[in-house]
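We did not get these values from a lab; they are worked out from the coordinates using the rules stated. Predicted model only: the values in this text are computed from it and were never measured. Note: ideal-geometry Cβ built from the backbone for every residue, glycine included; neighbour counts use all protein chains shown.
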Amino acid sequence: MWYYTEEGHQYILDARRRRAGQRFVTGYPDKIPVIIRQPIAIGKGVRCKENHFYFGEIAVAERGYKKELFVVLMRKTNINVVWNFYWLEDGKIPHGVDVFYRTRRARKYLRGR
């Protein structure tokens, strides 16, 4: 079971507001459950195994309603929590993620890895 805590929510808002290009993300935390229920890819951190990454596409107004790749970072510890939520600006799943589940739609985000 995963928990969405007030601390996690505040961390997401603070982290996104600090980066000018990510500020629009603060309007979409309601998409977190959608990504968790229907991810296009799921992976674990290579260096930090307690980090789980759920990737999903979201069409956002600020990007012309084009589907963009977002990630929900979940930290698996004593209490499993949603830790972060952000837009992947380069549109690729990072190399530091060991992907163990992916759909066909994830292929374009895995190219060049």
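Say whether the condition of being exposed (fewer than 13 other Cβ atoms within 10 Å of the Cβ), of a type in the set (Val, Ile, Thr) and over 14 Å from the mean Cα position of the chain (by Cα) is met by at least one residue in region 60-72.
No, region 60-72 has no match at all.
Could you count how many residues in region 60-94 are among the hydroxyl-bearing types (Ser, Thr, Tyr) and either in contact with a helix residue (DSSP H, G or I) (Cβ under 7 Å, 6 or more places away or on another chain) or within 15 Å of ILE32 (Cβ to Cβ) (or both)?
Total meeting the criteria: 1.
In region 86-103, what residues are hydrophobic (A, V, I, L, M, F, W, C) and either closer than 14 Å to ILE42 by Cα or surrounded by fewer than 16 Cβ atoms within 10 Å (Cβ to Cβ) (or both)?
If the condition is that a residue be hydrophobic (A, V, I, L, M, F, W, C) and either closer than 14 Å to ILE42 by Cα or surrounded by fewer than 16 Cβ atoms within 10 Å (Cβ to Cβ) (or both), then LEU88, ILE93, VAL97, VAL99, PHE100 are the ones that fit.
Checking HIS9 against (1) touching a strand residue (DSSP E or B) at 6+ places or on another chain (Cβ under 9 Å); (2) part of a loop (DSSP other than H, G, I, E, B): exactly one of these is not met. Which one?
(2)
When region 12-33 is examined, which residues are found to be closer than 24 Å to ASP98 by Cα and either without any contact (Cβ under 8 Å) to a residue 24 or more places away in the chain or not in a helix (DSSP H, G or I) (or both)?
Correct list: PRO33 only.
Here are GLY45, GLY112: which of them is free of Cβ contacts under 8 Å to residues at least 60 places away in the same chain and buried (at least 16 other Cβ atoms within 10 Å of the Cβ)?
GLY45
ILE32 - would you say it is closer than 16 Å to THR5 by Cβ and either of a type in the set (D, E, K, R) or buried (at least 17 other Cβ atoms within 10 Å of the Cβ) (or both)?
yes
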